[in-house]
Amino acid sequence: MINRISYILTYAMLYIVALIPLNILYIISSGAHFFVCHILRYRKTTIRKNLTYAFPDKTKKEIRKIEKKFYLHICDLFVETVKLLHISNKEMRKRVNIYGCDIVEDLAKQDIPIFVYLSHYGNWEWAQEVKKCYIRPKITAEIYHHIANPVINRIMLKIRSRWNGMLFSQNEAVRNILTLRKTGKSFLIGFISDQRPHHAEDNQWITFLNQPTDMVCGAEILGKRCNAAFLYLDINKVKRGHYHMTFMHLQPSDECRTPYPYTETYMHKLEQTVKECPEYWLWSHKRWAHADSIQRIIKQ
């Protein structure tokens, strides 16, 4: 009963926020940015450490500048995510431009499953808008990570199902995807694959943003079982509240050094994206927490 009341109150509060026009919300976000950055100092140690190691050639002043922009972006990301509770399809079309949809359509016509790699870059929550840009495949799904707080988890599930896409929890993903494959029809699954995988002896390592990084290879392992095509969704933040999202083929080169060339190619593409505008990647997550594994880096 307590959780139900908490859900209703929290949802009502967030929905009221979502009723506010985005241009007003960005003013609020700018004010919150100062509090989050300088007063709360949200994960500042992790953010600064990640940036410093990722960009050893940058000065302290340059690192601080990226850090400041990141805090503003993450505040914008929060209000943009809440806004999904009340935003029209018309406004979303104005704010999110999708390119490369012909790639998706062509694969769907051949009844080929489509596995799309994306990351915690730009606004990955708004990436749901891609479902509006193609007719086929009919089924679009994404893998979600369960949030420990049951109230927030329920609200995020509601936000992520706005476009009527399917949601698969990590525990259910393999079974549900293999079931879809048995239909013989095309479907599109989105995988956010830049998080830190569970530590295991067989983790695959590359150098990513100047650091030894173990890759999340589950999408490629499952995709090969399904004879899927692998795409990358590149997200480019054009300006505040406006994004370009582009589907690209992942085409591994002969230089790939791991048994998972599609995942490795994705990581290289993501690295290029992050280097172009680093403030839009999620530097606050502990991507490189396995300090004891540094000796396992692949030799360059």
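Since every read-out is calculated from the coordinates, none of them should be taken as a lab result. Here the structure is a predicted model, which is why all the values come from computation and not from measurement. All Cβ positions, glycine included, derive from the backbone under ideal geometry; neighbour counts span all protein chains shown.
Can you give the net charge of the other residues whose Cβ lies under 10 Å from the Cβ of R162, counting K and R as +1 and D and E as -1?
+1
Please list 3J(HN,Hα) in residue order for segment 86-99, calculated via the Karplus relation 6.51 cos²θ - 1.76 cosθ + 1.60 where θ = phi - 60°; whole Hz, with x for glycine and proline.
Whole-Hz 3J(HN,Hα) from phi for segment 86-99: 7, 8, 7, 4, 4, 5, 4, 4, 6, 9, 10, 9, 10, 10.
How would you order 191-197, 178-184 from highest to lowest mean count of nearby Cβ atoms within 10 Å?
191-197, 178-184
At a Cα cut-off below 14 Å, give the aspartates and glutamates reachable from K237, other chains included and same-chain residues fewer than 8 away excluded.
D76, E80, E125, E276, E279
Using 0.36 nm per residue of separation minus the Cα-Cα distance, give me the extension gain between R240 and N171 in nm, one decimal.
21.3 nm
For a label point 7 Å from the Cα of K132 along Cα→C-beta, name the residues of segment 212-242 whose backbone N is under 14 Å from it.
242
Considering amide H positions built from the backbone, and no H for Pro or chain starts, which residues 5 or more places from Y144, or on another chain, come under 5 Å of its amide H?
The list, which skips near neighbours in sequence, is F168, S169, Q170.
Report, in listed order, any pair from K83/K138; K65/K269; K239/K275; K69/K158 with a Cα-Cα distance greater than 20 Å.
Checking Cα-Cα distances, K83/K138; K65/K269; K69/K158 exceed 20 Å.
Pull out a ≥ b ≥ c, the square roots of the eigenvalues of the alpha-carbon gyration tensor of segment 1-94, then state rounded if a/c is under 1.5, prolate if not and a/b is larger than b/c, and oblate in the remaining case.
Here segment 1-94 falls in the prolate category.
Calculate I(q)/I(0) for segment 2-296 by the Debye formula, one identical point scatterer on each C-alpha and no solvent, and give its log10 at q = 0.07 Å⁻¹ to two decimals.
-0.27
Quick one: compute the contact order of segment 2-296, relative version, from alpha carbon pairs under 8 angstrom and 6+ residues apart, as a percent.
That works out to 24 percent.
What is the gain in length, in nm to one decimal, between V17 and R64 on full extension, counting 0.36 nm per residue of separation less the C-alpha to C-alpha distance?
So the extension gain works out to 13.9 nm.
To check you understand DSSP bridge types, tell me what percent of the beta bridges within the chain (both residues inside) are antiparallel, rounded to 5.
Around 40 percent of the beta bridges assigned by DSSP in the chain are antiparallel ones.
Could you put I8, I114, I189, I66 in order, starting from the residue whose Cβ has the fewest other Cβ atoms within 10 Å?
Final ranking by Cβ density, sparse to dense: I8, I66, I114, I189.
Run through all the Cα pairs of segment 106-246 and give the fraction in each 10 Å bin from 0, expressed as whole percent.
10, 38, 37, 14, 0
Within a 10 angstrom radius of the beta carbon, how do S169, S119, S29 rank from fewest other beta carbons to most?
Ordered from fewest to most neighbouring Cβ atoms within 10 Å, S169, S119, S29 come out as S169, S29, S119.
Mind listing the phi-derived Karplus ³J(HN,Hα) values for segment 247-252, rounded to whole Hz, using 6.51, -1.76 and 1.60 with θ = phi - 60°, and x for any glycine or proline?
Karplus values, whole Hz, x for Gly and Pro: 6, 9, 5, 8, 10, x.
Can you compute the FRET efficiency between F34 and I152 using 1/(1 + (r/R0)^6), with r the Cβ-Cβ distance and R0 = 25 Å? Round to the nearest 0.05.
0.55
Would you calculate the separation in nanometres between label points at I8 and H145, each defined as 7 Å from the Cα along the Cα-to-beta-carbon direction?
In this crude spin-label approximation the distance works out to 3.2 nm.
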